[in-house]
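Here it is, the structure in full.
The values are calculated or read from the model by the stated rules, or taken from the named source; none is laboratory data. Because the structure is predicted, anything quoted here is derived from the model rather than measured. Here Cβ is always computed from backbone atoms with ideal geometry, including for glycine, and neighbour counts include all displayed protein chains.
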Amino acid sequence: METLMLPFSPRYIILTICAVVTVLLLGIGLADGKVFDLVLIPSLIFAALTLLGIRDLTQKSHAVLRNYPISAHIRFLLEEIRPEMRQYFFESEKDGMPFSRDTRALVYQRAKMVLDKRPFGTQEDVYRDGYEWMHHSVAPKVHAAGEKFRITIGGPDCTRPYSASVFNISAMSFGALSPNAVRALNAGAKKGGFAHDTGEGGVSPYHRENGGDLIWEIGSGYFGCRNRDGSFDPEEFARVATDDQIKMVELKVSQGAKPGHGGVLPAAKVSEEISKIRGVSMGEDCISPATHRAFSTPLEMMAFIGEMRRLSGGKPAGFKLCARRCYRPESIRISSWSTAMKAAPVPRHWNSWIIWACRCARASISSTTR
Ligand SMILES: Cc1cc2nc3c(=O)[nH]c(=O)nc-3n(C[C@H](O)[C@H](O)[C@H](O)COP(=O)(O)O)c2cc1C
């Protein structure tokens, strides 16, 4: 009895209705030739829905479709338009991560050179805990000149110190970024007088087109300065690092998105150009190993950074990591986790001590350590 009633259960009722209406409409159309034209299109629509329901019922990949044939498609449809619904109807000006609607609007307005002001006060809750503000002073100081926002990087061992802006462009490899993105970042660096970190993917022609200052980063794959077996090639490193546009060199120990795992640029993304720039084979995954081959202890690492400084002709040499300790390099960059996660597989967004460590650090600094 239960099985007989199944077509009338809430789960299958839509399919049953569609099948019954199809049969009815076709029956009416066939019985009375005068109304055939009238019922043809509706009966085709219901027949199509019935076929869709049968397909839902027999497929094995979506439990929800199997359990709720036809009607479950409404759920998929709603999921499809969920972001738009949230964005247009429900999200407040201050919602949205990592950038609120307000912040995004501001960026768009400034990029289009249109009015970016918000008259009639703020929508911020200025009394909430953690709200930061500046007090007006009755005796304000004269605005600091541009050079105050620069810091000279390079200790006594450095023969070519670099006067760096306090704001720079964090490492993002060519390969992870497109040629146009790299071009745009470097053009920005040139315009703003700050430095553009190449990321570990090597120095591409797009880094060079606009002549913005570069920090050349190498990671455990030693891309752009590696031997065929993936080990570090000092001569190639020296050849590239002594170029004038490169102002500092940097060793990547770790990055927030890849704690303890190294990284992969899948074979499908390794174009001929990327393979040339990185010095890796096409058709193979381009791997940044989890560990460095050039050193295995902190002191060896410091010696290696010293070697990078020497090979670059005395330029500041630093390292980037997602942890806490520092010894005596020219620069240490502590990277945060939230934006780094854009480059990470989702499971790595969770359960990593690095996340905890970087939450504590919550800083991205480049400074002398002496
Ligand atoms: C697309 C993309 C590519 C990245 N590639 C590198 C890289 O090659 N080397 C690196 O050290 N970090 C890389 N990162 C991490 C960023 O340099 C940066 O550390 C991270 O976004 C966190 O920002 P913050 O350091 O300014 O806090 C990448 C991030 C993104 C989003």
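Restricting attention to segment 232-254, which residues are in contact with a helix residue (DSSP H, G or I) (Cβ under 6 Å, 6 or more places away or on another chain) and either within 15 Å of the ligand (Cβ to nearest atom) or not assigned by TED's automatic domain parsing to the domain that holds ALA164 (or both)?
VAL249, LEU251
With the requirement that a residue be surrounded by 15 or more Cβ atoms within 10 Å (Cβ to Cβ), within 16 Å of the ligand (Cβ to nearest atom) and not in a strand (DSSP E or B), what does segment 148-191 give you?
Those that are surrounded by 15 or more Cβ atoms within 10 Å (Cβ to Cβ), within 16 Å of the ligand (Cβ to nearest atom) and not in a strand (DSSP E or B): ASN168, SER170, ALA171, MET172, SER173, GLY175, ALA176, VAL182, ARG183, LEU185, ASN186, ALA189.
Identify all residues within segment 166-197 that are touching a helix residue (DSSP H, G or I) at 6+ places or on another chain (Cβ under 6 Å) and polar (S, T, N, Q); write none if there are none.
Across segment 166-197, the qualifying residue is only ASN186.
Something else now. Residue by residue through segment 32-69, note down the ones that are in a helix (DSSP H, G or I) and small (Gly, Ala, Ser). Talk me through it step by step, then tell me what you get.
Of all residues in segment 32-69, those in a helix (DSSP H, G or I) come to 33-58, 63-67.
Within segment 32-69, GLY33, SER43, ALA47, ALA48, GLY53, ALA63 meet the criteria.
Might you check whether a residue that is under 18 Å from VAL20 (Cβ atoms), among the β-branched types (Val, Ile, Thr) and surrounded by 15 or more Cβ atoms within 10 Å (Cβ to Cβ) occurs anywhere in segment 40-49?
no
Taking the residues in segment 255-300 that are within 14 Å of LEU321 (Cα to Cα) and polar (S, T, N, Q) as candidates, determine which candidate is farthest from the ligand (Cβ to nearest atom). Break it down into steps so the answer makes sense when it comes.
Filtering segment 255-300 for residues within 14 Å of LEU321 (Cα to Cα) gives 255-262, 290-292, 298.
Next, only the ones that are polar (S, T, N, Q) stay: 255, 291.
Working: GLN255: 4, THR291: 16 Å.
Among those residues, the one meeting the criterion is THR291.
Determine, yes or no, whether ASP229 is modelled with pLDDT under 95, surrounded by fewer than 22 Cβ atoms within 10 Å (Cβ to Cβ) and more than 14 Å from the ligand (Cβ to nearest atom).
On the way: modelled with pLDDT under 95: yes; surrounded by fewer than 22 Cβ atoms within 10 Å (Cβ to Cβ): yes; more than 14 Å from the ligand (Cβ to nearest atom): yes.
Yes: the conditions hold for ASP229.
To continue, here is another question. Spot the failing condition for VAL138; the list is (1) modelled with pLDDT of 90 or more; (2) in the same structural domain as ALA317 (by TED's automatic domain parsing), and only one is missed.
For VAL138, the failing item is (2).
May I pose another question? With respect to ALA176, determine if the residue is over 22 Å from HIS261 (Cα atoms), of a type in the set (A, V, I, L, M, F, W, C) and out of contact with any strand residue (DSSP E or B) (no Cβ under 7 Å at 6 or more places or on another chain).
Details: over 22 Å from HIS261 (Cα atoms): no; of a type in the set (A, V, I, L, M, F, W, C): yes; out of contact with any strand residue (DSSP E or B) (no Cβ under 7 Å at 6 or more places or on another chain): yes.
So ALA176 does not fit the description; no.
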